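Readers should treat all values here as calculations from the given coordinates under stated rules, not as data from a laboratory. Here the structure is a predicted model, which means the values were calculated and not measured. Methodologically, a virtual Cβ is constructed for each residue, glycine included, from the backbone with ideal geometry; neighbour enumeration extends over all protein chains shown.
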Amino acid sequence: MKSLLPLASAAAERPPALAGLDLLATAVLILDAEGQIAYANAAAENLLESSLKALSRQKLNALFLNPAELDALCAQARQHKFSDLRQELTLERGGREALHLHAIASALDEPPASVLLELREMVQQIKLDREERMLDQSQVNKELIRNLAHEIKNPLGGIRGAAQLLEMELPPLHLQQLREYTQVIIKEADRLQTLVDRLLAPHRRPHIVGDVNIHEVLERVRSLILAEFPAGLAILRDYDASIPEFRGDKEQLIQTVLNIAHNAAQALGERIVAGDAQLIFKTRVARQVTLAKVRYNLALDLHIIDNGPGIAAQIRDRIFYPLVSGREGGSGLGLTLAQTFVQQHQGVIECESRPGCTDFRILLPLP
């Protein structure tokens with residue numbers, strides 16, 4: 001490939017003839033024979049989180065912890081083995097999130113041994129892969145829960161019945177003392193029965209479809225949460241009033257949002273005491289969205305955001321699994337049920353969390 005222009009000057013000024021590259025969403029860099037950055041367009045500055053002036057002082061491979069594949073790609077381009085080379089790379093950066101990139105390297109004739117490098121983030125592909133894994137895992141979880149709950153249900157009835165019969169046969173002399181033991185058996189059997197019923201609830205309850213106004217759903221949840229936490233918690237509303245009604249199960253959606261918001265409110269315990277706990281209900285319209293491998297022109301983009309301590313790192317990737325809870329005494333079913341209800345509406349639910357901000361995002365197709 002011919003040279004686009006002489007490389008940038010020592011002052012790291014953009015050559016006027018390359019100004020058009022700043023309009024591209026793809027990051028474009030020019031590397032000299034030693035691999036030092038000679039030019040970076042605006043998208044490259046954003047990607048690498050640094051200015052051209054700062055980048056021009058260092059080699060590209062010095063920015064990453066694992067530059068071997070990138071170096072090999074550029075070396076092959078310099079040797080003119082192919083017209084251009086394409087490769088998917090994951091580049092680690094110290095203290096920052098890794099970059100998942102599709103890279104294209106092309107040799108330039110002048111200056112000698114220089115390389116034009118195009119870098120494009122694979123955000124959409126990674127998102128689709130993650131959603132596909134979540135759907136597959138959710139389906140496995142649902143089958144496991146259903147089978148396990150049915151296997152537990154029948155023995156539980158027998159255990160409870162046997163305890164009741166045993167209680168009826170207890171000798172009067174020791175009735176009160178021994179009755180304590182039978183009552184423990186009965187109460188624990190009832191507790192497990194309640195848990196089993198909750199596990200089976202999404203599969204038993206019919207899907208009642210009607211017209212749903214998402215803001216009515218959110219206002220209902222808001223009133224329920226504020227009734228339980230009347231002081232120290234503010235629930236802010238950031239609504240897009242243009243969002244149309246859609247077909248769905250209103251009660252399931254109320255339960256979905258309530259489960260998430262209630263978990264958030266419980267996690268905000270210390271901030272509620274301090275008086276600065278905050279929940280945000282935010283709605284927007286997303287366009288051209290792919291949900292469960294289906295493309296939709298419009299989708300509801302609902303965020304439930306809190307300013308709590310965040311989800312513990314050790315369970316962050318498993319929060320939608322059944323019986324996984326970050327709270328002592330929690331059943332670990334609230335988010336599992338929320339995910340099930342969202343998927344029954346052909347939507348997806350995802351979460352991003354860090355200390356001070358946890359954001360649950362629900363995407364549902366709109367007409």
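Between amide H atoms placed 1.01 Å from N, distances below 5 Å from ASN66 occur with GLU92, all of them 5 or more places distant or on a separate chain.
Hydrodynamic radius of region 16-121 by the Kirkwood approach over all distinct alpha-carbon pairs: 13.7 Å. Note on region 210-365: with charges restricted to the Cβ of Lys and Arg (+1) and Asp and Glu (-1), its dipole about the Cα centre is near 380 debye.
Would you mind classifying region 221-349 by shape? Square roots of the alpha carbon gyration tensor eigenvalues, ordered a ≥ b ≥ c; an a/c under 1.5 is rounded, otherwise it is prolate if a/b is larger than b/c and oblate if not.
oblate
Calculated over region 206-246, the projected area of the Cα convex hull averaged across directions stands at 3.9 nm². Once the cut-off is 15 Å, how many percent of the Cα-Cα pairs in region 245-307 end up in the long-distance tail? Result for the distance tail: 64 percent. Dipole magnitude for region 16-121: about 140 debye, using +1 per Lys or Arg Cβ and -1 per Asp or Glu Cβ, origin at the Cα centre.
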